[in-house]
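Taking it in order: structure first as structure tokens, then the write-up.
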Amino acid sequence: MPLRTLIVDDEPLAVERLQILCARLPELQLVGTASDGAAALRLVDALAPELLFLDIAMPGMTGIEVAAALAGRKPRPAIIFVTAFDSFAVAAFDIEAADYLMKPVAPERLARAVARAQDRLRPQGEPAEPGAPPPATAPAHLAELWVPSRGELVRLDVAAIDWIEAERDYMRLHTAGRSFLIHETISALETRLDPAAFIRVHRSAILRRGAIARLVHDGQGNWAAELADGTSVRIGRTYLAAAKAALLDRN
């Protein structure tokens, strides 16, 4: 059955474009539109949509606030944020949105987001296809992030991150051959990472333990962690003992 879908956006042109895109997807049934958060909540009560396309920057209630107000609903509709701003991705991820789309939305990107929403709405334990295993239990620690990339937000596997570098209130995530910038402080991100997989070695650097190749001493009391790709990251004095222990634990 197609998903009963509600579009929430205060920009008429954005609503119209999304309506056209949704009409091309047989897995969606558009049941209404709303131009602000309060109206969206009323329509959720009246129409019981299964999926919300939700703008974030709206007058009155923001899309994040609307999603938070729906958090206790049972059943709770799946939420796909559709916005012109990438700075809300972390907050959207915390709310457990199905996806986060950047305007203007590309048709193929919309189709992928709808597929994720269908997975999110599938009853717990129900396989995607006959014979397929049930979905895994969500991990306690952060497993993936939405990151800006070439005009859209993509999902990044946290296990692919080699090291993290603080740049004021932003974090640069370094992976093999690429880096991504997200708006979050290093202290906030550290609390969401698995300490068995990541270790903080400096007030502005976190390393994936498996990426550390060796610890290097310069003969003047300074230490650095050298990664498998040759990157050298300075180790702060207050973090040195923990960094040495992390390396020894792998032996």
Next on the checklist: Among the residues of the stretch 185-192, are any touching a helix residue (DSSP H, G or I) at 6+ places or on another chain (Cβ under 7 Å), without any contact (Cβ under 8 Å) to a residue 24 or more places away in the chain and farther than 28 Å from GLU108 by Cβ?
Outcome noted: no
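Please specify each residue of the stretch 27-84 satisfying the condition of being part of a strand (DSSP E or B) and of a type outside the set (A, V, I, L, M).
GLN29, GLY32, THR33, PHE53, PHE81, THR83
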Checklist entry - Which of the strands (runs of 3 or more DSSP E) contained wholly in the stretch 177-251 include at least 1 residues that are surrounded by fewer than 17 Cβ atoms within 10 Å (Cβ to Cβ) and at negative phi? => result 178-183, 212-217, 223-227, 232-235
Next on the checklist: Quick test of your reading of the structure: ILE20 fulfils all but one of (1) in contact with a strand residue (DSSP E or B) (Cβ under 8 Å, 6 or more places away or on another chain); (2) within 13 Å of LEU110 (Cβ to Cβ). Name the failing condition by number.
Outcome noted: (1)
Checklist outcome for this item: From the option list ARG112, ARG76, ARG116, single residue qualifying as touching a Leu at 6+ places or on another chain (Cβ under 8 Å), in the same structural domain as ARG17 (by TED's automatic domain parsing) and free of Cβ contacts under 8 Å to residues at least 40 places away in the same chain is ARG76
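Residues LEU18, LEU41: which one is surrounded by 14 or more Cβ atoms within 10 Å (Cβ to Cβ) and within 15 Å of GLU65 (Cα to Cα)?
Details: LEU18 fails: within 15 Å of GLU65 (Cα to Cα).
So the residue among LEU18, LEU41 that is surrounded by 14 or more Cβ atoms within 10 Å (Cβ to Cβ) and within 15 Å of GLU65 (Cα to Cα) is LEU41.
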Checklist outcome for this item: For the stretch 202-220, pairs from a residue that is free of Cβ contacts under 8 Å to residues at least 60 places away in the same chain to a residue that is in a strand (DSSP E or B) and basic (Lys, Arg), with Cβ under 7 Å and 6 or more apart or across chains, are HIS202/ARG234; ILE206/ARG200
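The values are calculated or read from the model by the stated rules, or taken from the named source; none is laboratory data. Here the structure is a predicted model, which is why all the values come from computation and not from measurement. Because the Cβ atoms are built from the backbone with ideal geometry, glycine has one as well, and the counts that use them run over all protein chains shown.
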